[in-house]
Amino acid sequence: MAATGLAAVPCAPSLAAGTATATAPGTTQGPSAVDAQFWATTERIGTPDAYRAYLAAFPNGFFARLAAAALAKAEPASAQPSPSPAVSPAAPVTSAKPDVPPAGPFPTQRLAKIAADPSSGAVTFRIGDVFQGPGPVTVGWAGAKKQLIVPPGQWVVLATLDHSVAQNSALPSVPAQPIPVASVALGRLDSLGANALLLATFNRHAAGSMNTRWPEAQACEGTTPRSGFQWTEQHGIARQCVLGRPTTAKPVGADPAPLWDELRQNLLRLDLPLAQDTPAWRTDMHLTGARAEYMCISRMDLGPGAAGSPARQAAMKAYADAAWRGFRRELEDNDLAPGAQRGATTLNLPE
């Protein structure tokens, strides 16, 4: 198959590169929208941890000096270094930077701020529900039900959406027809923010015939990432394509923008703003069935430490195998219940 441009893949990295803008001497360039939004949330919280989180996200940000000054004022006097005797000229002098505190558990009582009924009729859970993985949750209408695998850890439902996507036919005489699908977004949260996202799109009803072709899955098979990994497996007529590569925390390709909008708004309500330029490692799994069943699962690991190491690739291979079984509803595990502890599971998935 001929290589397909990355822009056509819904979970492919954007090719649009940021352009530098010159600032005239003597003038000051204002903050970006993301910087200003993050700073507004920082000021609203007003704690030392909030100022440290701002400095960690924007070390050279427009408000970095204000954050450092506020942090110095907020810290107790005992935390300030005491005067020391004369320093030998040979001793190196270094400037200390505020330490970012380690991430702690997310306080789930905050989820009352976003609790709401879903905007999709293809799921039974609510916005703000918490699932303790690993384990499956069933999605889709009768005749098109699938098991979406929640990875290990605590995951919060952040957004849902019903919409339609175009599909192609293998028969030239048959025009493309829209197919109703649903999308959901979950986040793995800690006290500092979201450290991972899980996005899934799937057909809501029984879809088409064996002649149906999903452009996103075809584009995945035709993509060779410059850095990352890609593999395809065939199961009879059904197929699975997995694509992993570096990107940032923003929608790409055919990602539904309203889903991302709701996701970001709910994170803001939780005082956990997500900057679009946050580094991320994204792995997409396109699963297609013999009768046009479809599911695309995208996992995004967020932060500077996210990378496509051999360990990450192995973890995604294990998850993709479980996702395939869930796509075919072959897992014997009971569905996860919102807010409940994880029960017995046959899944053995790494973090």
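Ranked by the mean number of other Cβ atoms within 10 Å of their residues, highest first, the peptides 178-188, 132-142 fall in the order 178-188, 132-142.
Compute the signed sum of charges (Lys and Arg +1, Asp and Glu -1) over the other residues within less than 12 Å, Cβ to Cβ, of P107. Spelling it out: positives minus negatives among the neighbours equals 0.
Relative contact order of the stretch 33-77, taken over Cα pairs closer than 8 Å and 6 or more residues apart, is 37 percent.
Work out the FRET efficiency for S164 and A36 from their Cβ-Cβ distance, taking R0 = 41 Å, and round it to the nearest 0.05. It comes out at approximately 0.70. Computed extension length for D277-T138: 46.8 nm, one decimal, from 0.36 nm per residue of separation with the Cα-Cα distance subtracted. Between N60 and R110, how high is the FRET efficiency from 1/(1 + (r/R0)^6) when r is the Cβ-Cβ distance and R₀ = 25 Å? Nearest 0.05. FRET efficiency, N60 to R110: 0.25. On the beta carbon distance between A340 and D49, with R0 = 35 Å, the FRET formula returns roughly 0.70.
3J(HN,Hα) along the stretch 49-54, derived from phi through the Karplus expression 6.51 cos²θ - 1.76 cosθ + 1.60 where θ = phi - 60°, amounts to 4, 5, 5, 5, 4, 4 Hz, with x in place of Gly and Pro. Spin-label pair T124-D261: with each label point 7 Å from Cα along the Cα-Cβ axis, the two points sit 3.1 nm from one another.
Relative to the current alpha-carbon distance between E330 and T224, full extension at 0.36 nm per residue lengthens the span by 35.1 nm.
None of the figures in this text is laboratory data; all of them are computed from the coordinates on show. This structure is a prediction, so every number in the text was calculated from the model and none was measured. Neighbour counts run over all protein chains shown; Cβ positions are idealised from the backbone, glycine included.
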